[in-house]
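A quick write-up on the structure given underneath.
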Amino acid sequence: MPIHFATPSKSLAPYIKRYWAIENGLDKGEICVQRITPTGLTELMLYFTPRPKILTDNKYLSDNVTLHGYQNGFYDMELSGELSVFSIVFQPQGLMQFFHFPLSEICNRNISLKDINGQAGRDLEEKMNIATTFQQRVSIVETYLFELLKNNFNDFEFRRISHIAELIKRTYGNINVAQMASEACLSRKQFERVFAEYIGISPKQYLKIIRFQFAIFQKQRNINLNMTELSYESGYFDQSHFINDFKLLSGLTPKQYFAENEACSDFFE
């Protein structure tokens, strides 16, 4: 599939990780089933062709422009016909700066942008549909994001959560909740509440996802690592814990996962 990537402008880089797009990625009539696993990131996705079908009971894409919260499990998505999509990938703590609701409300969910951003969301969809190039769409979403940022900016909590997000990334998820609470100058109970509100998922669940992503990244960097080596290189204390996390987050054992999927971490680059 032809994929386009772009980095955000300097002013948006603390909040946005990247933009990507697929344009006419499938031939007409072609069907592809893709396993979606937790990435440790949130996204705003805009579909310009019919939305993919999610092959999970009671789960579906609510609109052509959807905000995707953190997920702590896997699902399968069926792509068929022509596929054209644009995505805004947020930094782990980035989404909190743009919207006025507890992000825990959209954990394992997607929600229509128009439901939370009204006319501005509808205007964005219209402009993105009219645009004809990837570069034009990047410019349109940056203008939209700057406007949201101007209205919603919360510097104190953002700096607090940014510090914790960077600490998690720097330790590859191998840190405990008590240590993070201390770094945030909060009690454990306060920290868990603030983290879930501003990140969108519990600290314990988030750490599990980051360790999972780091294991994928380690395999990406060294494809010759066997599963025992990979578990210890990724910070797992025992192989059973490593296997259990993979089965929980991908539905597959590590051996099955790497046999069926290219080792490519969305979180670590």
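The values are calculated or read from the model by the stated rules, or taken from the named source; none is laboratory data. Not measured: the values here are computed from a predicted model. Quick reminder, even Gly has a Cβ in these numbers, built from the backbone with ideal geometry, and neighbours come from all protein chains shown.
Overview of values
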item: Among (1) exposed (fewer than 12 other Cβ atoms within 10 Å of the Cβ); (2) in contact with a strand residue (DSSP E or B) (Cβ under 8 Å, 6 or more places away or on another chain), the one test that E125 misses; result: (1)
item: Answer residue from the range 234-248, given it is surrounded by 14 or more Cβ atoms within 10 Å (Cβ to Cβ) and among the polar types (S, T, N, Q) and is modelled with the highest pLDDT among those; result: N244
item: Where L124 falls short, out of the listed (1) over 18 Å from Y19 (Cα atoms); (2) at pLDDT 90 or above; (3) of a type outside the set (K, R); result: (1)
item: Residue list for the range 20-45, restricted to those being surrounded by 14 or more Cβ atoms within 10 Å (Cβ to Cβ), touching a Leu at 6+ places or on another chain (Cβ under 8 Å) and over 29 Å from G173 (Cα atoms); result: I22, G25, L26
item: Count of residues meeting criterion [buried (at least 18 other Cβ atoms within 10 Å of the Cβ), within 15 Å of the chain's Cα centre (by Cα) and in contact (Cβ under 8 Å) with a residue 40 or more places away in the chain] in the range 54-77; result: 5
item: Evaluation of N24 against (1) at pLDDT 90 or above; (2) more than 10 Å from the chain's Cα centre (by Cα); (3) not aliphatic (A, V, I, L, M) (one fails), failing number; result: (1)
item: Condition met for K204 (under 27 Å from A6 (Cα atoms), at pLDDT 95 or above and either assigned by TED's automatic domain parsing to the domain that holds P102 or within 18 Å of the chain's Cα centre (by Cα) (or both)); result: no
item: Scope the range 231-256; condition of a type in the set (F, W, Y), over 24 Å from V89 (Cα atoms) and part of a helix (DSSP H, G or I); matching residues; result: Y232, F242
item: Residue within the range 232-250 that is touching a strand residue (DSSP E or B) at 6+ places or on another chain (Cβ under 9 Å) and not assigned by TED's automatic domain parsing to the domain that holds Y172 present; result: yes
item: Qualifying residue in the range 78-94 (condition: surrounded by fewer than 17 Cβ atoms within 10 Å (Cβ to Cβ), free of Cβ contacts under 8 Å to residues at least 24 places away in the same chain and not in a helix (DSSP H, G or I)); result: no
item: E142 being more than 17 Å from S62 (Cβ to Cβ), of a type in the set (D, E) and outside the structural domain of Y198 (by TED's automatic domain parsing); result: yes
item: Single match in I175, I161, I199 (criterion: outside the structural domain of P50 (by TED's automatic domain parsing), closer than 26 Å to N64 by Cα and not charged (D, E, K, R)); result: I199
item: Flag if F156 is in contact (Cβ under 8 Å) with a residue 24 or more places away in the chain and more than 19 Å from L41 (Cβ to Cβ); result: no
item: Subset of the range 47-75 [among the hydrophobic types (A, V, I, L, M, F, W, C) and modelled with pLDDT under 90]; result: I54, L55, L61
item: Set K114, K169: member being under 23 Å from A21 (Cα atoms), in contact with a helix residue (DSSP H, G or I) (Cβ under 9 Å, 6 or more places away or on another chain), in contact (Cβ under 8 Å) with a residue 40 or more places away in the chain and charged (D, E, K, R); result: K114
item: Output for the range 115-146, where each listed residue is polar (S, T, N, Q) and more than 17 Å from F99 (Cα to Cα); result: N129, T132, T133, Q135, Q136, S139
